[in-house]
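Reviewing the structure listed below.
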Amino acid sequence: SLGSTAITCFTRGLDLTKETEDVLCPANCPLWQFYVFGDGVYASLSSVCGAAIHRGVITNAGGAVRVQTLPGQENYPAVNANGIQSQVLTRWASSFSVTRTKTTALEAVGRAVSTARPATGKRPKKPLDKKAGNKDCKADIAFLIDGSYNIGQRRFNLQKNFVGKVAVMLGIGTEGPHVGVVQASEHPKIEFYLKNFTAAKEVLFAIKEIGYRGGNSNTGKALKHTAQKFFSLENGARKGIPKIIVVFLDGWPSDDIEEAGIVAREFGVNVFIVSVAKPTTEELGMVQDIGFVDKAVCRNNGFFSYQMPTWFGTTKYVKPLVQKLCSHEQMLCSKTCYNSINIGFLIDGSSSVGDSNFRLMLEFISNIAKAFEISDIGSKIAAVQFTYDQRTEFSFTDYTTKEKVLSAIRNIRYMSGGTATGDAISFTTRNVFGPVKDGPNKNFLIVLTDGQSYDDVRGPAAAAQKAGITVFSVGVAWAPLDDLKDMASEPRESHTFFTREFTGLEQMVPDIIRGICKDFLDSKQ
């Protein structure tokens, strides 16, 4: 059947990502190795192909199966069917049903089965707070475990036990920390996401189920993959909550980890490294980069690295690690240039610009704004248009989503008039940046002009910089270089931009974004 994903004998419901997915089961899976929980409605821990054989959708010759995700429930029953004994499970966070692909009658039966689920809403009210978890420890955590040949099966199991203890002590819950696990080996494998479980018991169960992969210890590759893919909103990351990756390393990485560390910092992820059994003096010759820990961690200040001599007797190391992971104010990498700045655009509306060029200016500022994470707790954008007069098009508090900001930029109407840039800078410093000057975000002003100002720009620009605003000047056509340099922050060369034609604005966008991020990082060091 078209568009089916081939899966293995051991693929579980929770390994699939779509609500409804067509899969192909292989032939001759060993029946006694199947883990199946339930009957008709299976806990997502169950093997998909095992459940399909149990249900009679396919035989051991394999074949096509449609898997439908269902809500979790209580009391999955144990039933012996088609040579497979399913097992009891008291509760699980999600389920699935299996049907033949393409046959609607069977799907209807599948649906009927799933609607006959026991009601899950009728739980006793008492243990609510336990469900909420430790509210004082707000964190979204990926445990990046070592599944390489270095560690071996026995230590791999000890590592899983340690991660389980950490997970329990964190106090996982709906309003507390959420965790997921990624296994690093030759290729990274996301074992489960933040959104899969919100109770410690489920997490422990899921950790127990993780199989050892073996392979090179490509920790750099896994760290990069996790930083880029794991923390999306679809996968359960929460807005405004620190993202943390705890990398467990037995020995040393086989690949380069420095670039992955840079990527993680760019994505606002706080990387911790827990190294176990550090390389001995003889082994150091085999390590690509002796300073690998310092290069990967969020900040090389001692807080983000953690050492354990061996995997044996690690219980005493659990609590100190948990305390670190819950120290909200130490998560220095959560704030990035993308989510922690205010950018004010000061747009020249003088008559020399003209209507179509004015549109190009608006496109330019949209392209800059687009790069940032705009939200009520993230970055914010404001715009002022000026001639001899100034008009605040919108302020930092007016729009808190990217869509609304971009639509507000599109709707700016061209004023047409003279050019008083100095006055406009003073107006913007006072009226637009004034209200946010004590806020947490770093402030940037981008001045866009196409000509000579009728008034002094140096004084107002100096006052803006004194008020903590970093100024970028962008000149087009007849804008004099001296004016542009006088307005720009130090070092002036990297804060001054010029193009002859309005069409040249587009090429500047990446450099300006990079410049903003560089200033942001420099201000944090």
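The values are calculated or read from the model by the stated rules, or taken from the named source; none is laboratory data. The shown structure was predicted, so the numbers you read here are calculated from the model rather than taken from an experiment. Reconstructed Cβ throughout: ideal geometry from the backbone, glycine too, with neighbour counts over all protein chains shown. The accessibility values were calculated without ligands, DNA or RNA, using every heavy atom of the protein model including side chains. Shrake-Rupley method; radii C 1.70, N 1.55, O 1.52, S 1.80 Å.
From (1) closer than 25 Å to TRP92 by Cα; (2) open to solvent by less than 20 Å² (accessible area, probe 1.4 Å); (3) at pLDDT below 90, pick out the condition that doesn't hold for THR198.
Every condition holds for THR198 apart from (2).
Could you please find all residues in segment 207-232 being more than 18 Å from LYS160 (Cβ to Cβ) and outside any loop (DSSP other than H, G, I, E, B)?
GLY220, LYS221, LEU223, LYS224, HIS225, ALA227, GLN228, LYS229, listed by residue number.
Picking from LYS485, LYS524, which residue would you name as being of a type in the set (Lys, Arg) and in contact with a strand residue (DSSP E or B) (Cβ under 6 Å, 6 or more places away or on another chain)?
Among LYS485, LYS524, only LYS485 is of a type in the set (Lys, Arg) and in contact with a strand residue (DSSP E or B) (Cβ under 6 Å, 6 or more places away or on another chain).
What residue, among those in segment 5-34 that are polar (S, T, N, Q) and within 31 Å of the chain's Cα centre (by Cα), is least open to solvent (accessible area, probe 1.4 Å)?
Of everything passing the filter in segment 5-34, THR11 is least open to solvent (accessible area, probe 1.4 Å).
Mind checking which pairs have a first residue in segment 235-247 that is open to solvent by less than 50 Å² (accessible area, probe 1.4 Å) and a second that is in a strand (DSSP E or B) and basic (Lys, Arg), Cβ under 9 Å, 6 or more apart or different chains?
Short answer, once both residue conditions are applied: ALA237/LYS243.
State which residue is farthest from GLY164 (Cα to Cα) when the search covers only segment 309-356 and only residues that are among the aromatic types (Phe, Trp, Tyr) and not in a loop (DSSP other than H, G, I, E, B).
Only one residue tops the list, namely PHE345.
Residue by residue through segment 212-234, note down the ones that are touching a helix residue (DSSP H, G or I) at 6+ places or on another chain (Cβ under 7 Å) and open to solvent by 50 Å² or more (accessible area, probe 1.4 Å).
Listed by number, the residues that qualify are TYR212, LYS224, GLN228.
Could you check segment 400-421 and list, in sequence order, the residues that are polar (S, T, N, Q), outside any helix (DSSP H, G or I) and surrounded by fewer than 19 Cβ atoms within 10 Å (Cβ to Cβ)?
Hits for segment 400-421 are THR400, THR401, ASN411, SER416.
What is the one condition in (1) over 23 Å from ASN301 (Cα atoms); (2) at pLDDT 90 or above; (3) of a type in the set (A, V, I, L, M) that LEU233 does not satisfy?
(2)
For segment 346-362, does any single residue satisfy the condition of being touching a residue at least 40 places away in the same chain (Cβ under 8 Å) and either more than 21 Å from TRP478 (Cβ to Cβ) or among the basic types (Lys, Arg) (or both)?
Among the residues of segment 346-362, not one is touching a residue at least 40 places away in the same chain (Cβ under 8 Å) and either more than 21 Å from TRP478 (Cβ to Cβ) or among the basic types (Lys, Arg) (or both), which makes the answer no.
Could you tell me how many of the residues in segment 366-392 are more than 25 Å from the chain's Cα centre (by Cα) and crowded, with 18+ Cβ neighbours inside 10 Å?
7
Determine whether segment 19-26 contains at least one residue that is over 15 Å from ASN82 (Cβ atoms) and free of Cβ contacts under 8 Å to residues at least 40 places away in the same chain.
yes
Of the conditions (1) in a helix (DSSP H, G or I); (2) touching a helix residue (DSSP H, G or I) at 6+ places or on another chain (Cβ under 8 Å); (3) within 27 Å of ASP398 (Cβ to Cβ), ARG359 fails just one. Which one is it?
ARG359 satisfies every listed condition except (2).
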